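Just so it is clear, none of the values below were taken in a lab; they were calculated from the coordinates. Just so you know, these numbers come straight off a predicted model, no measurement behind them. Every residue, glycine among them, receives a Cβ derived from its backbone with ideal geometry; neighbour counts consider all protein chains shown.
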Amino acid sequence: MPSPRTRTPAALFATAVTTLAAIVASACTAAPGPADDAPRAPVTIRVPADASTVNAALDRARPRDLVLVSPGVYRESVRVRTPRVTLRGTDRNRVVIDGEGRRGNGVVVTAPGVSVENLTVRNHLQNGVLVTGLKSGGEGVGRGSDGYHRLDPAADPPLTGFRVRYVTAADNGLYGIYAFNARRGTIEHNYASGSADSGLYVGQCKPCGILVRGNVAERNAVGYEGTNASGPLWVVGNRFTGNRVGMTVGSDYLEALTPQTGAVIAGNLIAGNAAPDTPEQADGGFGIGLGIAGGRDNTVARNRITGHPRAALILSSTEDLPPIGNRITGNLFTGNAVDAAYLTSAHAPGSGNCFAGPLGRTLPADLATTLACPAGSSPVPGPRTPPAFAPAPVGVPFLDVPLPPVQPQLPGAATAVAEPVTGPTGPVGPESVPVPTATLLADRSRDRR
């Protein structure tokens, strides 16, 4: 299911741990003076004690500095342009970057090696946190359709190395946490709700080298989208519940780097994605757990996919791009109108897709046989649609989605030294990821179950 683009989108140099420890031990914790070229050790710049705004602190920051933000509501759009800076709140729930329903973005990162952690971004017209290698979009927005120019790696190379963790993204008009034209990053232990497009988004990277782990996305139009986001890419151990659609993975000509290939989607709880109290933007996909549209060679393993009134999992083509070589194994399907549906078009029928593990109702009815692993023959293509379903309920404006419950803190946020970004932990083998419990990360959810 393509995501709407009409509105908007090698390793990193690692500092040796022992060297970092020595530098931090000798570093002054007072704020630096005005930026100049004189060498100095990394420092901590405190907001508002040393700089009155977050942007003022970042303007003074140099690589390896920590910008440490005290509790308060900061009414600014934050830009991080300096490499290897850490932007951190001392209290995740009380350090708030608030767009007030009128500013575009909360935090825009266009420099490599940056970490954004332990704060809240809310009420922005576009994105909560955007990490991107595209620098020509006004506010740094990666655009994917109107006026879009094909990706030129020389002009806009992907940003390499990033981390977003312990961030709460609430009530943002497009994406909660958005990584576009960026690679070798980690998105972990975040919470996203009230996103009018998707809570978490990874797009236009090949190879991505991105780990998406331990996040909660609920009450969004879509919990997670991965468009033209190719492996290595691991989406593991997340909770995608109570959205209009749980997850979409696939290819889209409105972004560069088609087709999408090689993601691992394992150990996620994908449940009850038919919530009416969500922003109304999901291209009619209300009530679907996971859609793979034109994606190739993805592994979908050991997820718990439950409680979907249309379908738990749909394999489909998009334009002339078929689903090819996707392996769906060891998942637990319960309480769905249809566990799996194969909805490809006649001119892009797909091949090499397979299922292993028990399935309930499927479309077509013999899908478990025709698509049995290791690589069954493809069913005769459509036309087919999921079972008849009442029109999707009217959604709510994104700014009206209730704010999330209190979320857990980054350990030692007020005192821990800034850790260098060294890329994701990986690879993550799907065989090492268990089927999650029905209460995975429930303590962070509004539903508490």
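Note: relative contact order over the range 72-132, using C-alpha pairs below 8 Å and six or more positions apart, is 40 percent. One Cα centroid belongs to the range 267-282, the other to the range 341-376; the line between them spans 24 Å.
Fewest neighbouring Cβ atoms within 10 Å first, the residues Leu410, Leu269 line up as Leu410, Leu269. Note on Thr329 and Leu403: the model spin-label points, each 7 Å out from Cα along the C-beta direction, lie 4.6 nm apart. Note on Asp59/Glu431: beta-carbon distance plugged into 1/(1 + (r/R0)^6) with R0 of 45 Å gives a FRET efficiency of 0.45. Taking the number of Cβ atoms within 10 Å of each Cβ as an exposure proxy, the fewest-first ranking of Tyr253, Tyr342, Tyr224 is Tyr253, Tyr342, Tyr224.
The mean of 1/r over all pairs of different alpha-carbon atoms in the range 310-449, once inverted, gives a Kirkwood hydrodynamic radius of 18.9 Å.
Antiparallel beta bridges, as assigned by DSSP with both residues in the range 296-342, represent about 10 percent of the total such bridges. By the gyration tensor of its Cα atoms, with a ≥ b ≥ c the square roots of the eigenvalues, what is the shape of the range 232-362: rounded for a/c under 1.5, prolate for a/b over b/c, or oblate? Rounded, since a/c falls under 1.5. With both labels modelled 7 Å from their Cα along Cα-to-Cβ, the Ala416 to Arg75 distance reads 3.2 nm. Ranked for footprinting exposure by Cβ neighbours inside 10 Å, fewest first, Val396, Val264, Val129 give Val396, Val264, Val129. Applying 1/(1 + (r/R0)^6) with R0 = 30 Å to the Cβ-Cβ distance of Thr369 and Asp320 gives a FRET efficiency near 0.65.
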